Amino acid sequence: MSLGLRWASVGIALLFVLFLLLFEVLPGLLLVRVFWNDGQLSLASWAEATRPLFQRALRNSLELAFISALQGAVLGTLTAWALWSSANPLVKRFTTGLSAVAANFAGPPLAFAFIVLLGGNGFLNLILKGLGLPTVDIYSKEGLYWVYLYFQWPLMTVLMLPAFGAIQREWLEAARSLGSSQWGFWWRVGLPVLLPSMLGSYILLFANAFGAYATVYALTQGQRNLLPLQIGFQVGGDIGYNPVLASTLALMMALVLALSLVLYRLSRRWAARMEGV
Amino acid sequence: MTQLLRRALLLALGLYLFLPILASLAYSVATSWTALLPEGYTLKHWANLLENQRFWLSLGRTALLSFSVVALSIFFLVPTLFVVRMYYPNVAGVLEFLTLWPFVFPGVILAVGLISLYSGPPLQLAQTPFLLIAAVTVISLPYAYRAVDNAFAAADIKTLAEAARSLGADDAKTLAWVILPTVLPGVLSGGVLAFSAAFGEFALTQLLIGTLWETLPVYQVQLARTDGNGSAAITVLSFLAAWGLGFWALSLRKDAKVSVI
């Protein structure tokens, strides 16, 4: 390559690194400034951020993420299995594409779509009422699980497809011809192969729900004690502007996500061994 | 039994993904809806929305934001991945690490960091669209990076460049006629994914600039307080945009593989 082309590209690459330092890395790293006060280490902001109100916010966010990820994981794994065992390539391709697209759809449009469906006068609630069945309160804690399932379920489906791809259909046939039951095969062969991917995907779903802000904000106008909403309040809410508290809470959240990332990487390594890729 | 379970699962997922959109579509054309089906149908809510200047302004800002993010992403990613793949494969790990960063520092956290960093001198960028564009570029980077990187990996540009050179092509020709056309579908796919992510972005927009520079999702939250039917129309538009862009991005890739992180 001519030197001009090469060095122009290197120049842009260096500019890119500078851009990432300024707008990605430094804003994250400099959050730890909250532990310095007048040149001295100070844990005052940590004490403020671990008040009972914020402890509850952390606990609520963890619970929401744990349960919502679990629901998505169970349904998504089963759906990935359904796609794996489906003989119809058209159904397979369409469902995979649909899931990949829906997995990224969140925020105000999703929240308002569910309000139309399951709000006070929601279409599904009217049906449930007409049938004499209990209705769903979309603004309640359980209501949020219904909304999050919209992206968690297809996300898990998409994430689990490659893992199922590592299982050959012939294995199932071979096991059955040797007298194993369908369940026996999935328990002894399928599950051990799938388990690392299930764990890794679960962690992604967990982080996905834990850091989510837009959907729950639009659904409840921010009226819920969750960690991302509390952080948002401290920088742009009506209560007031408290950047130190916001940064400390943000660090708390980043800590949970960093731990998730480490666990995810470990599970990927394990999955690579099990799936032979 | 297996057959039944399989069909039930796929049907349930399909219903779950389509029902909210269909309900919003119906709500956006309903006169009044208190029974099982709407009492009547009207295009009034759509007409109101399309006559509303605030809607067009917010849509324009969203388009400006999304196009800027795509332009910036491609401007940075293509030359960077080109030199890294061609000359400095050792630093690929650093890039990979930087694209994982938004996983630990998602929108809400990034917003807090950016506000405290750019609220004063030397770089007073807080509450400007420039900071928002930079931030949304960072957040949508994992999507664009993966698509462009896959394209470069699949193209094996080193071998391509050697082959072109041995056939007498000079460097500019090699780049313009061999390498760029090969990676173009991947670059386009990455651009479409970044556009889609920027189009729906809410957390950063609301926290960094809010109603000072209203984008479509921020406007929808405002509108929903007074006009549920109009908000449902925006829901339909957002779904169409996201699904259209999503399927377009998928169709640009030769492999059916879907990667998330």
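Relative to the Cα centre, the charge distribution of chain B, modelled as +1 at Lys and Arg Cβ and -1 at Asp and Glu Cβ, gives a dipole magnitude of about 380 debye. Along region A:210-227 the Karplus relation, 6.51 cos²θ - 1.76 cosθ + 1.60 evaluated at θ = phi - 60°, assigns HN-Hα couplings of 5, x, 5, 10, 4, 4, 6, 5, 5, 5, 10, 6, x, 7, 7, 8, 10, 4 Hz to successive residues, with x for each Gly and Pro. What's the FRET efficiency of residue B:227 with residue A:242 using the Cβ-Cβ distance as r and R₀ = 25 Å, to the nearest 0.05? For R0 = 25 Å, the calculated efficiency reads 0.15.
Taking a ≥ b ≥ c as the square roots of the eigenvalues of the Cα gyration tensor, region A:55-192 is prolate, since a/c reaches 1.5 or more and a/b is larger than b/c. Residues whose amide H comes within less than 5 Å of that of residue A:42, counting only those at least five positions distant or on another chain, are A:36, A:37 (H built at 1.01 Å from N in the peptide plane). Mean projected area of the Cα convex hull of chain B, taken over all directions, amounts to 20.1 nm². Sorting B:195, B:247, A:164 on solvent-accessible area from highest to lowest, probe radius 1.4 Å, gives B:247, B:195, A:164. Extent along the principal axes, Cα only, for region A:1-42: 54, 15, 10 Å, with the longest axis given first. Calculated [222 nm] ellipticity per residue, helices only, for chain A: -24000 deg cm²/dmol; basis is -39500 (n - 2.57) per DSSP H run with n ≥ 4, divided by all residues, nearest 500. Karplus-derived 3J(HN,Hα) values for region B:189-202, using 6.51 cos²θ - 1.76 cosθ + 1.60 with θ = phi - 60°, are 4, x, x, 5, 5, 5, 4, 4, 5, 5, 4, x, 4, 10 Hz; glycine and proline are entered as x.
In this structure, the amide hydrogen of residue B:30, modeled 1.01 Å from its nitrogen in the peptide plane, lies closer than 5 angstrom to those of B:42, counting only residues at least 5 positions away or on a different chain.
Rounded, prolate or oblate: which one fits chain A, using the alpha carbon gyration tensor with axes a ≥ b ≥ c (rounded when a/c is under 1.5, else prolate when a/b beats b/c, else oblate)?
Oblate, because a/c is 1.5 or more while a/b does not exceed b/c.
From its DSSP helices (H runs of at least four residues, each -39,500 (n - 2.57)), chain B gives a residue-normalised ellipticity at 222 nm of -24500 deg cm²/dmol.
Relative contact order of region A:72-146: 15 percent, from C-alpha pairs under 8 Å at least 6 residues apart in sequence.
In chain A, a dipole from Cβ-located charges (positive for Lys and Arg, negative for Asp and Glu) runs towards its positive end, and of A:109, A:125, A:191 it is A:191 whose Cα lies farthest in that direction.
For a straight C-alpha distance cut-off of 16 angstrom, the aspartates and glutamates reachable from residue A:129 (same-chain residues fewer than eight places away being disregarded) are A:137.
Averaged over peptide A:214-220, the number of partner chain Cβ atoms lying within 10 Å of each residue's Cβ comes to 4.
For the residues of B:71-84, the average number of beta carbons from a partner chain within 10 Å of their own beta carbon is 4. Over what distance in Å are the Cα centres of region A:211-238 and region A:166-180 separated? Comparing the Cα centres of region A:211-238 and region A:166-180, I get a distance of 49 Å.
What is the distance in Å between the Cα centres of region A:245-277 and region A:87-157? Cα centres, region A:245-277 to region A:87-157: 27 Å.
Heavy atoms of chains A and B lose about 7900 Å² of accessible surface on contact, summed over both sides with a 1.4 Å probe. Phi angles across region A:262-275 convert, under the Karplus curve 6.51 cos²θ - 1.76 cosθ + 1.60 with θ = phi - 60°, into 3J(HN,Hα) values of 4, 4, 5, 4, 4, 5, 5, 5, 4, 4, 4, 5, 5, 8 Hz, Gly and Pro given as x. Take each residue of peptide B:179-192, count the partner chain Cβ atoms within 10 Å of its Cβ, and average: the result is 0. Accessible surface comparison of B:56, B:213, probe 1.4 Å, protein chains only, largest first: the order is B:56, B:213. Under 13 Å of direct C-alpha separation, and excluding same-chain neighbours fewer than eight residues apart, residue B:158 reaches these aspartates and glutamates: B:171. Distance between the pseudo-spin-label points of residue A:48 and residue A:140 (7 Å out from Cα toward the beta carbon): 3.7 nm. Working ranking of peptides A:265-273, B:183-191 by packing, defined as the average number of other Cβ atoms within 10 Å per residue, highest first, is B:183-191, A:265-273. For the protein assembly as shown, the normalised intensity computed at q = 0.11 Å⁻¹ comes to -1.06 (log10 of I(q)/I(0), Debye sum over alpha carbons, equal scatterers, no solvent). In chain B, Cα pairs under 8 Å separated by at least six residues give a relative contact order of 28 percent.
The values are calculated or read from the model by the stated rules, or taken from the named source; none is laboratory data. Being a predicted model, the structure only gives us computed values, none of them experimental. No Cβ is skipped: glycine too gets one built from the backbone with ideal geometry, and neighbour counts run over all protein chains shown. All accessible areas refer to the heavy atoms of the entire protein, side chains included, with ligands and DNA or RNA removed. Shrake-Rupley method; radii C 1.70, N 1.55, O 1.52, S 1.80 Å.
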